[in-house]
Number of protein chains: 2
Amino acid sequence: MGRTLTYPKRSANTVNRYKHRATYDLGAIHSIINSTQVLHVSFNPGPEDPFPAIIPMIGQMGSFDYPSADINEPLDCYLHGYVSSRIMNLARESQGQGLPICVAASKVDGLILSLTPNSHSYNYRSAILHGYANVVTDEAEKLWAMELITNSVLPDRWNHTRVPPDRAEMSSTVILRVRVVDGSGKIRDGGVSDEKKDYSNEEVTNRVWTGVVPVWETFGAPIPSSDNKVAEVPDYITGFAASKNDQNRGYAHEAVGVTLPKEEQH
Amino acid sequence: MGRTLTYPKRSANTVNRYKHRATYDLGAIHSIINSTQVLHVSFNPGPEDPFPAIIPMIGQMGSFDYPSADINEPLDCYLHGYVSSRIMNLARESQGQGLPICVAASKVDGLILSLTPNSHSYNYRSAILHGYANVVTDEAEKLWAMELITNSVLPDRWNHTRVPPDRAEMSSTVILRVRVVDGSGKIRDGGVSDEKKDYSNEEVTNRVWTGVVPVWETFGAPIPSSDNKVAEVPDYITGFAASKNDQNRGYAHEAVGVTLPKEEQH
């Protein structure tokens, strides 16, 4: 049913190594970006500096013009930052389409321990986007993006805080909108993969343990602040932590073909 | 005793926002790089492409010339990749000091849930290095770096695999050595921080739960491959997973001032 939208393959985003692990599907790429807590964003500071810069940022895919657009459809990438940071100044001063940036997200799902160092690997999911960043000036779009980004850290958190932001808060926060030009993703799952010369060598196979160590991000029990006045940790927080833990732990195991029994998921 | 070496502050690596969170100490920065499973490496593909590139890579700090150098001393950053990848080709073709790159590492240690979206934050550790990358051509240095990087994924794994790499393996793998020019780190720990206008507002404090959700990377029970012939998971693997889990979980809690009781650490 329906079609799968893919990003155009250009030389800048085409995967040349382990091509079977590559994806250009919007949905797969957007999902990796959206489920990554810290994005790495690269830009060039200027002609006098030979080094590209990388900064960690929080961001999320979304469409202000078509808010009902789903994860498989064309979306912009919204990034959150401070008003006078270098990337914001560069985006403000940029000519033409905006500041050319690269957004990257990667997560490790497991250590692949094979017979030889060369066949060692990770199970992982990674994605990059190239695009032009501009500062959002429309107040309604900015507020919408602030809510989108806050809720990406913890679903429904926005409505459970003191909102809307006041004038000072609105002016100290800047939102970048990245119009995406291309993107690609790479996903490695499965188990160990060795070469015949090694798995047919008994001296080696009798000595070297091979397998996968699953890796995932865990959310611990919420720790109330000393000033907190709400007696119980609300369900939207505990529920989020529990379901994320199930999902993360489940994915790291499913990537190796292991389905966790229900009781072990909690 | 002794002195703390710091990276020089240049405009490219100087932290201007939340300066009290910044560090230029070699030891702090190198530790963040070394304990991060995937580094994000940025470079410029060439004059025809406006976008910087970011690729996920595995790497480690080390000194081939002074192997006894500790984490607080000047070290190079060694990165591991495939022979014909774009970054390796660019490094090989680079003129002068090498290919200018940026190496970044970030990890999230907790969600800071404050009264207002603006005061939300993460506990986190992040670091960047700027430097010139060159392909390692000396065979002894290359082999040394391959062992360094393999053991960074799992301590002592190198000696428990089929080594040394054969000729084909040596030529398909390329190691980049990055001579570091500058670096900086940023560490946020602690709890919630709100403004008086909000924490003195009872309507807000009675309604909004505030606190920290600790976050850490968990290593699961090792899953043997179908071809594995070693009956028991070796101690160096189970011991690594257990001690990393303790360390990661412990750090995420200590960042909020919570010391876990011994029995809860396992």
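As a length-normalised measure over Cα pairs under 8 Å and 6 or more apart, the relative contact order of chain B settles at 21 percent. Under a 10 Å cutoff between Cα atoms, tell me which one of A:Gln247, A:Gln60, A:Gln37 has the largest fluctuation in the Gaussian network model of chain A. Top of the fluctuation ranking is A:Gln247. Annotation for A:Asn201 and B:Ser226: the two label points, set 7 Å from Cα along the Cα-Cβ direction, are 2.4 nm apart. Across the identical copies, the 7 Å label point of B:Ser35, projected outward along Cα→Cβ, sits 2.6 nm from its counterparts, in ascending order. Computed on the stretch B:36-114, with alpha-carbon pairs under 8 angstrom and 6+ residues apart, the relative contact order is 35 percent. Applying a DSSP loop filter and a limit of 16 other Cβ atoms within 10 Å to the trypsin sites (Lys or Arg not before Pro) in the stretch B:1-95 leaves B:Arg3, B:Lys9, B:Arg10, B:Arg17.
Relative contact order, whole percent, for the stretch B:141-266 stands at 24, derived from Cα pairs under 8 Å and 6 or more residues apart.
Pairs exceeding 22 Å between alpha-carbon atoms, taken from B:Lys107/B:Lys196; B:Lys107/B:Lys244; A:Lys107/B:Lys142; A:Lys244/B:Lys186; A:Lys244/B:Lys196; A:Lys9/A:Lys142: B:Lys107/B:Lys196; A:Lys107/B:Lys142; A:Lys244/B:Lys186; A:Lys244/B:Lys196; A:Lys9/A:Lys142. Here the protein assembly as shown is assigned +1 on the Cβ of each Lys and Arg and -1 on the Cβ of each Asp and Glu. Its dipole about the Cα centre then comes out at about 860 debye.
Helical runs (DSSP H, four residues minimum) scored at -39500 (n - 2.57) apiece and divided by the length of chain B put the mean residue ellipticity at 222 nm at -7000 deg cm²/dmol. Compactness of the stretch A:124-232, taken as the C-alpha radius of gyration over 2.2 N^0.38 Å, stands at 1.83.
Comparing A:Met146, A:Met88, A:Met170 in a Gaussian network model of chain A, where Cα atoms under 10 Å apart are tied by springs, the biggest mean-square fluctuation is seen for A:Met170.
Taking B:Pro56, B:Pro234, B:Pro224 as the candidate residues, the one with maximal mean-square fluctuation in a Gaussian network model of chain B, Cα springs under 10 Å, is B:Pro224. Applying the criteria of a DSSP loop state and at most 11 other Cβ atoms within 10 Å to the GluC sites (Glu not before Pro) of the stretch A:188-234 yields A:Glu232. Per-residue Karplus couplings for the stretch B:200-206, computed as 6.51 cos²θ - 1.76 cosθ + 1.60 with θ equal to phi - 60°, are listed in order as 9, 9, 5, 4, 6, 5, 6 Hz, Gly and Pro entered as x. Near B:Arg162, the amide H atoms lying under 5 Å from its own belong to A:Thr116; only residues 5 or more places off or on other chains count, and H is placed 1.01 Å from N. Annotation for A:Glu232, label-to-label distances across the other copies: 4.7 nm (shortest first, one decimal, point 7 Å from Cα along Cα→Cβ). Put simply, the convex hull of the Cα atoms in the protein assembly as shown casts, on average, a shadow of 26.6 nm².
Peptide B:31-41 shows a mean partner chain C-beta count of 3 within 10 Å per residue C-beta. Protein heavy-atom surface of chain A, 1.4 angstrom probe: 50% of the accessible area is carbon and sulfur, with nucleic acids and ligands not counted. Between this copy and the others, label points of B:Asp65 are 5.5 nm apart in ascending order, each placed 7 angstrom from Cα in the Cβ direction.
Report the residues of the stretch B:161-197 in range of a label on B:Asp138: point 7 Å along Cα→C-beta, backbone N strictly under 13 Å from it. Zone members listed by number: B:177.
The values are calculated or read from the model by the stated rules, or taken from the named source; none is laboratory data. Just so we're clear, the structure is a prediction, and the values are computed from it rather than from any experiment. Positions of Cβ are generated from backbone atoms using ideal geometry, with glycine treated the same way; all protein chains shown enter the neighbour counts. Just the protein is used for accessible areas: all its heavy atoms, side chains included, with ligands, DNA and RNA removed. Shrake-Rupley method; radii C 1.70, N 1.55, O 1.52, S 1.80 Å.
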